[in-house]
Structures are given as C-alpha cells and as structure tokens.
1. Check TYR163, TYR170 and return the single one that is aromatic (Phe, Trp, Tyr), within 16 Å of ALA96 (Cβ to Cβ) and open to solvent by less than 40 Å² (accessible area, probe 1.4 Å).
2. For VAL167, which of the numbered conditions (1) in contact (Cβ under 8 Å) with a residue 40 or more places away in the chain; (2) not in a strand (DSSP E or B) fails to hold?
3. Which of the residues spanning segment 111-129 are among the aliphatic types (A, V, I, L, M) and surrounded by 18 or more Cβ atoms within 10 Å (Cβ to Cβ)?
4. Take segment 174-188 and flag every residue that is at pLDDT below 95 and either in a strand (DSSP E or B) or of a type in the set (Val, Ile, Thr) (or both).
5. Hey, could you check segment 148-160 for residues that are touching a strand residue (DSSP E or B) at 6+ places or on another chain (Cβ under 8 Å) and outside any strand (DSSP E or B) and say which is farthest from PHE99 (Cα to Cα)?
Amino acid sequence: MSVEKLGVRVRKYREERKMSREELAATADVQLAVITALEEEDLCPSIAPLQKLARALNVRLGTFMDDQVSTDPLVVRKSSREADLTMQKAGDKRPAFRFHSLGKGKTDRNMEPFFVEISPEPEEDRKLSSHQGEEFIVVVSGKLQVIYGKEEYILEPGDSIYYNSIVPHYAGAAGDAPAEIYAVIYYP
C-alpha cells in the first residue's frame with residue numbers, strides 16, 4: 001500500500017469540502033504560500049499551521065498522517081517507526097524536523113505523540129509560533145532550546161518541559177548538534 005504524502009492529504013480534504021486554497025487560507029488564518037508549498041512541494045514550516053488547517057477542515061491533526069485504523073492498544077515498535085512528517089525550509093533539502101507519529105492508526109486519539117529528530121537551524125530560522133493546546137517534551141539526546149514567551153531554557157537528556165502552547169514558543173536543537181525528543185501535543 002502506498003502512503004499518501006501530507007500535502008496530498010491536505011489537498012484531498014480541502015477539495016472534499018469544495019474549498020479553494022484562498023478560502024482555506026482565509027478560514028485557517030494561514031498564508032496562502034504555506035498551503036501552496038504544502039500541497040505542491042510537501043513542505044511545511046511548523047506544526048502550528050497544520051493545526052490551523054486541521055481545524056479549518058474540521059479534522060484532527062493526526063488525520064493528515066493516518067493511513068490505517070487500529071484497535072486498542074496501539075503499539076509502535078522502535079524498529080518499525082517511520083518519519084511521517086518532515087519539515088524543511090523552502091529551497092533547503094535538509095530536514096529541520098522529522099516527526100515520527102507514535103499515534104498513527106489510533107483514530108479516536110486526543111493527543112498527538114511524536115518522536116522528533118531535530119537538526120540545528122540558523123538563528124534567523126528560529127521563529128515563535130502559537131496554537132491552542134498543550135505540549136509536553138522529553139529530551140532523549142542532544143540539547144534542546146525552548147523559547148517560551150520571553151524566557152529561554154536549554155534542556156538536556158532526561159529533562160522535560162510542559163507548557164500551554166497558546167504562548168508564543170519555539171523548540172529546536174541548541175547549538176550546532178542535532179537533538180532527539182519525545183513530544184506529546186494536545187489540541188482541545
């Protein structure tokens with residue numbers, strides 16, 4: 001079975017609702033360029049616009065990544081994890097973030113659990129975002145820079161952070177080395 005790319009799935013839900021890209025951009029309060037890059041190049045700058053698109057299309061964020069239905073409990077073996085979502089800057093083929101969904105297939109979920117591989121980003125690419133919900137992160141390897149409002153934290157392996165994601169925030173690799181984290185995102 002072939003797995004549809006994220007952009008193809010977003011387009012499918014948009015077209016099912018008979019919405020143009022412009023209508024979706026206005027409804028979701030997302031720039032048209034983000035939707036175009038997502039649908040045409042499978043590029044997305046962060047989770048925040050995806051969450052807004054999911055709300056505007058009246059689906060869960062995980063719907064964009066699901067390709068199968070399972071029963072409880074859902075077990076994801078480390079050896080079979082695959083990156084479901086890769087975020088990279090336009091024109092840059094190196095992934096900045098590789099998200100491995102740990103909830104894919106559990107169709108009634110209320111949280112989005114991920115294992116995330118994070119590559120270092122230039123300072124100018126570190127943008128704050130905000131969205132409804134909460135996030136919980138545990139650092140597995142490397143160091144994680146978290147900017148939360150006006151505060152900055154550097155987290156090391158074993159450290160965790162839990163915050164309301166409506167406050168503008170950024171989480172990325174600290175310094176020049178990659179980081180790996182487990183993240184759970186809750187969207188009300």
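1. None of the other options fit; the residue is TYR170.
2. Condition (1) is where VAL167 drops out.
3. VAL116, ILE118
4. Scanning segment 174-188 gives ILE185, TYR186.
5. Within segment 148-160, the first condition is being touching a strand residue (DSSP E or B) at 6+ places or on another chain (Cβ under 8 Å), and the residues that meet it are 148-149, 152-160.
This time we only want the ones that are outside any strand (DSSP E or B), so: 149, 156-159.
Numbers: GLY149: 24, GLU156: 19, PRO157: 18, GLY158: 19, ASP159: 19 Å.
Result: GLY149.
The values are calculated or read from the model by the stated rules, or taken from the named source; none is laboratory data. All of these numbers come straight from a predicted model, not from anything done at the bench. When we count neighbours, we look across all protein chains shown, and the Cβ atoms used for this are built from the backbone with ideal geometry, even at glycine. Side chains are part of the model used for accessible areas, which takes the heavy atoms of the whole protein and leaves out ligands, DNA and RNA. Shrake-Rupley method; radii C 1.70, N 1.55, O 1.52, S 1.80 Å.
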